[in-house]
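A.B. asks: First the structure, which I've put down as structure tokens, then a few questions once you've had a look.
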Amino acid sequence: MSLPNRLRVACLVAAAVVLTSAGWLRAQSASGFPQFFVPVVVDPAASPLPNPTPTMIKEWGPLPGGRVRGSSAGVDIGPDGHVWAYDRCGDAGLGTGCVSSNVAPILKFDRQTGKILASFGAGVFVVPHGFHVDRDGNVWVTDFSANKEGTKGHQVIKFSPEGKVLMRLGRAGVAGSGPDTFNQPCDVITAPNGDIFVADGHSGQNDNPAPGSTGRIMKFTKDGKFIKQWGRIGSAPSEFRTPHAMAFDLRGRLFVADRGNHRIQIFDQDGTYIGSYYQFSRVSDLVIRADDTLYAIDSESNQQRHPNWRTGIRIGKATEDKVTAFIPPHFSDTRPLGVAGEGVAIDPEGNVYAAEGPGSRPAAGGGLTKYMKR
């Protein structure tokens, strides 16, 4: 491994590291966690890999009335197989466009035609971020910022399929690290038994997180009662630098996209650490299909954050840390490694949908991109 990459990984773990003869980095966590090991990994997408869905449709699912589409990080498939996504009310970045807008940010699309089947959520959000459709078709969204008045944001909101607010977790407009508050909640997901998991702490990937920043997973009952939490900002096992997204595999293990640490961490549902995957890069979102195929989308890698790693969608099995296929990113004049979306979903036919975030939205031309087999 080149010297710049060794230095990059050393900074990543925020610790003194030693390169072992087996190709691992031995490290001591700066936060006092016992010695641990980080594998030295080269981007598997640097070599040719098959692309299972090479036909790309940009600007899929156009909005009605000429409405301008903003950025997104949220797309999922409902129990009927159709596509749910959100739009940040025309805001191309991570601004507070939904505060001053009356458009409905949450949208349901026919997966065949792209026609809008439902829309709701106007006036509810500051910045929608995490997104999940549960087994009953209910739509869960995290609102990761607050408005100036402190009356909205830093919450998890559950909607019925028709748009009725069914539950709120967190205190509106209040950032905190307690059991009843969130500080920039990144994602939400529900387990088969209804338990709710929230990934909290978007700003933890920054070099100098603000006081009070979090990096944790929180667990609640299906009725919203707090059960437990685990994690803190850091780079050792069970620590996070922005737990950006979550998914369950067939065994019920919780996969967490630990984006700032360029890895996926795996836990049981009580928070016991199982292991980490490093081949899937700096993951913004991930989804695991019924056959245990893992899709992980990297929207953030560049020469400063994650040198020599391409953005795009890496594909493998949830059973091992091995990438076997790759969906390339959009071309970019300014980012030679490409630009890709932040959210990813797979429909019953195996078509892939990417929700285009602030970095990829200009190149994608729209909020959703659909990838199909030939």
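A.B. asks: Given springs between every Cα pair under 10 Å in a Gaussian network model of the chain, which of PHE197, PHE331, PHE144 has the largest fluctuation?
C.D. replies: Among PHE197, PHE331, PHE144, the largest mean-square fluctuation in the Gaussian network model of the chain belongs to PHE331.
A.B. asks: Apply the Karplus parameterisation 6.51 cos²θ - 1.76 cosθ + 1.60, with θ equal to phi minus 60°, to every residue of the stretch 77-92 and state each ³J(HN,Hα) to the nearest whole Hz, in sequence, with x for glycine and proline.
C.D. replies: 10, x, x, 8, x, 8, 9, 10, 7, 10, 10, 7, 6, x, 6, 6
A.B. asks: What ³J(HN,Hα) values, in whole Hz, does the Karplus curve 6.51 cos²θ - 1.76 cosθ + 1.60 give for the stretch 237-246 when θ = phi - 60°, with x put for Gly and Pro?
C.D. replies: x, 6, 10, 9, 10, 6, x, 7, 7, 9
A.B. asks: For a footprinting-style exposure proxy, rank HIS244, HIS154 by other Cβ within 10 Å, fewest first.
C.D. replies: HIS154, HIS244
A.B. asks: While we're here: For ASP195, ASP143, ASP298, what ranking results if the residue with the fewest other Cβ atoms within 10 Å of its Cβ goes first?
C.D. replies: The most exposed by this proxy come first: ASP195, ASP143, ASP298.
A.B. asks: Mind listing the phi-derived Karplus ³J(HN,Hα) values for the stretch 115-124, rounded to whole Hz, using 6.51, -1.76 and 1.60 with θ = phi - 60°, and x for any glycine or proline?
C.D. replies: 5, 6, 9, 7, 7, 6, x, 4, x, 8
A.B. asks: Another question, if that's okay. Taking amide H positions as placed in the peptide plane 1.01 Å from N, state which residues far from GLY173 in sequence (5 or more) or on other chains have amide H under 5 Å from it.
C.D. replies: HN-HN under 5 Å from GLY173: LYS152, GLY153, HIS154.
A.B. asks: I need to check one value: relative contact order of the chain, counting alpha carbon pairs closer than 8 Å and at least 6 residues apart, in percent.
C.D. replies: It rounds to 15 percent for the chain.
A.B. asks: Around ILE157, under 12 Å between beta carbons, what's the net of Lys plus Arg minus Asp minus Glu among the other residues?
C.D. replies: Local net charge: +3.
Quick note: the coordinates plus some simple rules give every number you see, no bench work behind them. These figures come from a predicted structure and were not determined experimentally. So basically every Cβ, Gly included, is an ideal-geometry build from the backbone, and we count neighbours across all protein chains shown.
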